[in-house]
Amino acid sequence: MASVPREHFVPPELMDRAYADLPLPIPRQQTISQPYIVALMTWEAGLNRKSRVLEVGTGTGYHTAVLAKIALHVWTIERLSDLSTSAGRRLKELRVENVTLLEGDGALGHSAAAPYDAIVVTAASPSAPQPLLAQLADDGRLVIPVGDRAEQMLRIYQRTAHEIREWTAGPCRFVPLVSPAAFDTEV
């Protein structure tokens, strides 16, 4: 994480708080996650240099850049095209080349590149969306905040040969995953 300049991903007026361990607001009522949560989610994803990762919720591209430092390739989906475009610009400026930017409903995943060794969702859902669970490779992990709009638990689901194992990594708070498969609206 130290090799990814977080200040490159925060709004200019918040530059002095770029390394504070707290989430920061970004355009369109979204947030850039606090560094601790980015580290925790990345750790729980269980990545290595051969990992194929799907990220749901590109935002500014900060977590995308962190994932790309570890993984072979990251596909990242953002529903807000202006955020996707600006994240793409930032990633290009930092010469992050092992990323494919996508726009659409992240709760549906991206089946064209599945299966994934890890899926990291940076928005809250009432439950783990089935399309994402279906796109996990054997031993793949889905890391996702699960709960209501006010409080969530960071849940990890791991596909094994015979079942989906699951555990909790602690409480968290994220913006809602807007999708018919999660929360229908932002409010």
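The values are calculated or read from the model by the stated rules, or taken from the named source; none is laboratory data. What you see is a predicted model; the values in this text were computed from it and never measured. Glycine also receives a Cβ, built like all others from the backbone with ideal geometry; neighbour counts cover every protein chain displayed. Each accessible area value is taken on the protein alone, full model and side chains, heavy atoms only, with ligands, DNA and RNA left out. Shrake-Rupley method; radii C 1.70, N 1.55, O 1.52, S 1.80 Å.
Here is how the numbers come out for the structure above:
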item: Helix-only CD estimate at 222 nm, as mean residue ellipticity for the chain, using -39500 (n - 2.57) per DSSP H run (n ≥ 4); result: -6000 deg cm²/dmol
item: Loop trypsin sites (Lys or Arg not before Pro), region 1-92 (other Cβ atoms within 10 Å of the site Cβ: 10 or fewer; DSSP); result: ARG49, LYS50
item: Cα gyration tensor category, rounded, prolate or oblate, for region 39-115 with a/c compared to 1.5; result: oblate
item: Cα-centred dipole magnitude for the chain, charges only on beta-carbon of K, R (+1) and D, E (-1), debye, nearest 20; result: 420
item: Overall form of region 104-187 per C-alpha gyration tensor (a/c, 1.5; a/b vs b/c); result: oblate
item: Point-charge dipole on Cβ atoms (K/R +1, D/E -1) for region 1-110, about Cα centre, debye to 20; result: 360
item: Modelled label reach - SER3, point 7 Å along Cα→Cβ, region 40-70 residues with backbone N closer than 16 Å; result: 43, 47-51, 63-70
item: Loop-located GluC sites (Glu not before Pro) in region 64-115, at most 13 other Cβ atoms within 10 Å (DSSP); result: GLU97
item: Kyte-Doolittle mean at least 1.6 and Cα axial length at least 30 Å: DSSP H helices in the chain; result: none
item: Computed accessible area, PHE183, all protein chains, 1.4 angstrom probe, square angstrom; result: 30
item: Gyration tensor (alpha-carbon) shape descriptor, region 145-187, a/c threshold 1.5; result: oblate
item: Using a Förster distance of 45 Å, the FRET efficiency for GLU13-SER111 (Cβ separation, nearest 0.05); result: 0.70
item: Label point distance in nm, LYS50-LYS92, each placed 7 Å from Cα along Cα→Cβ; result: 3.3
item: Computed lengthening from HIS162 to SER81, 0.36 nm per intervening residue step minus Cα-Cα distance; result: 25.3 nm
item: Share, in percent, of DSSP beta bridges within the chain that are antiparallel, nearest 5; result: 45
item: Separation between Cα centres of region 77-137 and region 138-153, rounded to whole Å; result: 15
item: The chain - Kirkwood radius from inverse mean 1/r over Cα pairs (Å); result: 16.1
item: Where TRP43, TRP167 fall by accessible area, highest first, once all protein chains stay in place (1.4 Å); result: TRP43, TRP167
item: For region 1-143, accessible area per residue (1.4 Å probe, heavy atoms of protein chains only), Å²; result: 45
item: List ASP21, ASP184, ordered by accessible area with a 1.4 Å probe, largest first; result: ASP184, ASP21
item: For LEU54, solvent-accessible area (1.4 Å; no DNA, RNA or ligand), Å²; result: 0
